[in-house]
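A quick write-up on the structure given underneath.
The values are calculated or read from the model by the stated rules, or taken from the named source; none is laboratory data. Worth saying up front: this structure is predicted, and the values here are computed from it rather than measured. Ideal geometry is used to build each Cβ from the backbone, glycine not excepted, and the neighbour counts take in all protein chains shown.
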Amino acid sequence: MESAFQGSLLDLSGDAKPAPLDSSVRRTELARGAWLDVCPGWLGGADALFERLLRVVPWQAERRQMYERVVDVPRLVCFYAEGRPLPDPALDAAKDALDAHYGAKLGEPFATAGLCLYRDGRDSVAWHGDTTGRSRTEDTMVAIISVGTPRTLALRPRGGGGSTLRHELGHGDLIVMGGSCQRTWEHAVPKTARPAGQRISIQFRTRGVR
């Protein structure tokens, strides 16, 4: 699979490693008990990590039932269940850093990693909350690291009644959705007609949350 993305001129390190979170993360308190942490460029060496993940992850195409027909999922995916080795040491380091920063409040470590490859602007994910499992009724956190070409992650209150937030994420950016965010807000990666290179998102979740 050929890479089709423009690397960041600011990311000159080949070693992918997370930066300290205490002073660099920016929190936004949202409505209904939800909050959002953003840390631009958190993972150094992210462009090299993107190239490695593109090569070594066993990407899979999925098909899903959509009303009365089966359709292609508009992105490639790979899920690393609890206990399954992650595909790169940089992801182990990132998970350890997230656990160290958020573990006390979360009350448990992040357990799984879901990877998505957005190949171009036609790949997307529709509006949703991660409410399969415990997060349907309990507060939780979902931490997403984006590597590759930035794409828009949009968030809006579930059921309307508020403005849509948009974050351009790529090149090692981190976003953490916490509190009631999965139950009371929705997020999406919308399609775009603009030229868009490849992007990989890595979503860390707790046990029993999808």
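One residue alone among Pro150, Pro195 is within 30 Å of Asp15 (Cβ to Cβ) and modelled with pLDDT under 95, and that residue is Pro195. I need a count of the residues in segment 30-68 that are more than 20 Å from Ile145 (Cα to Cα) and in contact with an Asp or Glu (Cβ under 8 Å, 6 or more places away or on another chain). Matching residues across segment 30-68 total 4. Just for segment 163-172: of the residues that are surrounded by fewer than 22 Cβ atoms within 10 Å (Cβ to Cβ) and touching a residue at least 24 places away in the same chain (Cβ under 8 Å), which one is nearest to Trp42 (Cα to Cα)? Selected residue: His167.
Can you find, within segment 136-162, the residue that is surrounded by the most Cβ atoms within 10 Å (Cβ to Cβ) among those that are among the hydroxyl-bearing types (Ser, Thr, Tyr) and either touching a Cys at 6+ places or on another chain (Cβ under 9 Å) or within 30 Å of Gly44 (Cβ to Cβ) (or both)? Here the residue is Ser146.
Is it true that some residue in segment 100-108 is assigned to a strand (DSSP E or B), out of contact with any helix residue (DSSP H, G or I) (no Cβ under 6 Å at 6 or more places or on another chain) and either surrounded by fewer than 22 Cβ atoms within 10 Å (Cβ to Cβ) or at pLDDT 95 or above (or both)? Within segment 100-108 (the criterion being assigned to a strand (DSSP E or B), out of contact with any helix residue (DSSP H, G or I) (no Cβ under 6 Å at 6 or more places or on another chain) and either surrounded by fewer than 22 Cβ atoms within 10 Å (Cβ to Cβ) or at pLDDT 95 or above (or both)), the answer is no, since none of the residues qualifies. Among the conditions (1) within 14 Å of the chain's Cα centre (by Cα); (2) under 23 Å from Ala46 (Cα atoms), the only one that Ala196 does not satisfy is (1).
Do we have Ser124 as more than 21 Å from Ser180 (Cα to Cα), surrounded by fewer than 18 Cβ atoms within 10 Å (Cβ to Cβ) and either among the aliphatic types (A, V, I, L, M) or under 13 Å from the mean Cα position of the chain (by Cα) (or both) here?
Against the criterion (more than 21 Å from Ser180 (Cα to Cα), surrounded by fewer than 18 Cβ atoms within 10 Å (Cβ to Cβ) and either among the aliphatic types (A, V, I, L, M) or under 13 Å from the mean Cα position of the chain (by Cα) (or both)), Ser124 qualifies.
Screening segment 142-164 for residues that are assigned to a strand (DSSP E or B) and small (Gly, Ala, Ser) and picking the one that is farthest from Tyr118 (Cα to Cα) gives Ala143. Count of segment 178-210 residues, restricted to those that are of a type in the set (A, V, I, L, M, F, W, C) and part of a loop (DSSP other than H, G, I, E, B), is 2. Of all residues in segment 184-196, those that are farther than 14 Å from Ala126 by Cβ have Cβ atoms under 7 Å from Cβ atoms of residues that are in a strand (DSSP E or B), 6 or more apart or on another chain, in Thr184/Ala34; Thr184/Pro157; Trp185/Ala34; Trp185/Leu155; Trp185/Arg156; Trp185/Pro157; Ala196/Arg151.
Among residues of segment 127-149 that are charged (D, E, K, R), those with a Cβ under 7 angstrom from a residue that is assigned to a loop (DSSP other than H, G, I, E, B) and surrounded by 16 or more Cβ atoms within 10 Å (Cβ to Cβ), sequence gap 6+ or separate chain, pair up as Arg134/Thr140; Asp139/Ser180.
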